[in-house]
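> Quick one: structure below, then a few questions.
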Amino acid sequence: MTSKQLTDKSADRLLAAQRPWRRALLNAQVGFRRTSWRVVIQATFFFKRTLDLVGSVVALLLFAPVFCLLAVLVKTDGGPVFFRQTRVGLNGREFKMLKFRSMCVDAERRLKDLLNLNEKASGVTFKMKNDPRITRVGRWLRKSSLDELPQFWNVLRGDMSLVGPRPPIPREVALYSPADRRRLLAKPGITCLWQVGERSGGLLEIGDRNVIDFPEQVALDLRYIEGQSVGKDLWLLAKTVPAILFGKGV
């Protein structure tokens, strides 16, 4: 085929693409794909929210006796039973996250005096071995992750999800790079990939979350956001139980 014939053929294709029936067909195909994508996304959101509602209601009812016992134990350390902290959620919206209090009443004020002892290299999140602000009961609550139980109320309210990136505090978000802020594109959760130590994507992988620094946390959160599904959420919830039992928990 000569170059002239190729040119004529290309011209014919261009003309064909400009015909009304051809444009209508292309528009219909594009519209169908967009609609299908919206249906898939909305269905995923619907089933995820349904899972959150059912899971949080069952957990709150199931753990009601435990709530009462823990409330009594926390009260023995003095101060309020619950700790309400401002956290940053989906698209940067702030909300009050609920936990059993595991630190002294003035923990927030004392934090600025401890920042120079931060063990996290990035400096965005704070981690300190033998944090003096943690109470006697609080140390046990944190080790067992029982201090997180009240967050099922946040899930029921819609502030959080059962599975999703852990909600940061405003001080941390202020230090985020534009790339880090992408982890705010999903509703925060009680558990997530790095909370159970799933770093390489292994189906049965459970690891120590304490060795995962902030940049890797962001990378794992983004991996979850890009590939999230109800099936993946159910499996992460199942892995959270042994992660807690083996001392690697949330």
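> For the list (1) within 15 Å of Arg84 (Cα to Cα); (2) buried (at least 20 other Cβ atoms within 10 Å of the Cβ), I need the number of the one condition that Glu108 fails.
Of everything listed in (1) within 15 Å of Arg84 (Cα to Cα); (2) buried (at least 20 other Cβ atoms within 10 Å of the Cβ), Glu108 misses just condition (2).
> Please pick out the residue among Leu61, Leu114 that is farther than 30 Å from Glu226 by Cα, loosely packed, with under 15 Cβ neighbours inside 10 Å, free of Cβ contacts under 8 Å to residues at least 24 places away in the same chain and over 24 Å from the mean Cα position of the chain (by Cα). Quick ask: steps written out before the conclusion?
Numbers: Leu61 fails: over 24 Å from the mean Cα position of the chain (by Cα).
After applying the criteria, what remains is Leu114.
> Let me ask another. Please work out if Asp159 is farther than 30 Å from Ile41 by Cβ, acidic (Asp, Glu) and buried (at least 18 other Cβ atoms within 10 Å of the Cβ).
Details: farther than 30 Å from Ile41 by Cβ: no; acidic (Asp, Glu): yes; buried (at least 18 other Cβ atoms within 10 Å of the Cβ): yes.
So Asp159 does not fit the description; no.
> Would you point out the residue of the stretch 128-139, among those that are outside any loop (DSSP other than H, G, I, E, B) and in contact with a strand residue (DSSP E or B) (Cβ under 7 Å, 6 or more places away or on another chain), that is surrounded by the fewest Cβ atoms within 10 Å (Cβ to Cβ)?
Kept after step one, since they are outside any loop (DSSP other than H, G, I, E, B), are these residues of the stretch 128-139: 134, 136-139.
If we keep only those that are in contact with a strand residue (DSSP E or B) (Cβ under 7 Å, 6 or more places away or on another chain) as well, we get 134, 138.
Values: Ile134: 17, Gly138: 23.
Applying the filter and picking the extreme gives Ile134.
> Would you pick out the residues in the stretch 85-98 that are assigned to a strand (DSSP E or B), modelled with pLDDT of 95 or more and closer than 16 Å to Arg171 by Cβ?
As a first pass, look at the stretch 85-98 and keep what is assigned to a strand (DSSP E or B): 85-88, 94-98.
Subsequent filtering for residues that are modelled with pLDDT of 95 or more retains 86-88, 94-98.
The answer is Thr86, Arg87, Val88, Glu94, Phe95, Lys96, Met97.
> Arg142 is checked against (1) part of a loop (DSSP other than H, G, I, E, B); (2) out of contact with any Phe, Trp or Tyr (no Cβ under 7 Å at 6 or more places or on another chain); (3) under 23 Å from Phe83 (Cα atoms) and fails just one. What number does that condition carry?
That leaves (1) as the condition not met.
> Could you count how many residues in the stretch 182-196 are surrounded by fewer than 22 Cβ atoms within 10 Å (Cβ to Cβ) and without any contact (Cβ under 8 Å) to a residue 60 or more places away in the chain?
Here the count works out to 1.
The values are calculated or read from the model by the stated rules, or taken from the named source; none is laboratory data. Being a predicted model, the structure only gives us computed values, none of them experimental. Because the Cβ atoms are built from the backbone with ideal geometry, glycine has one as well, and the counts that use them run over all protein chains shown.
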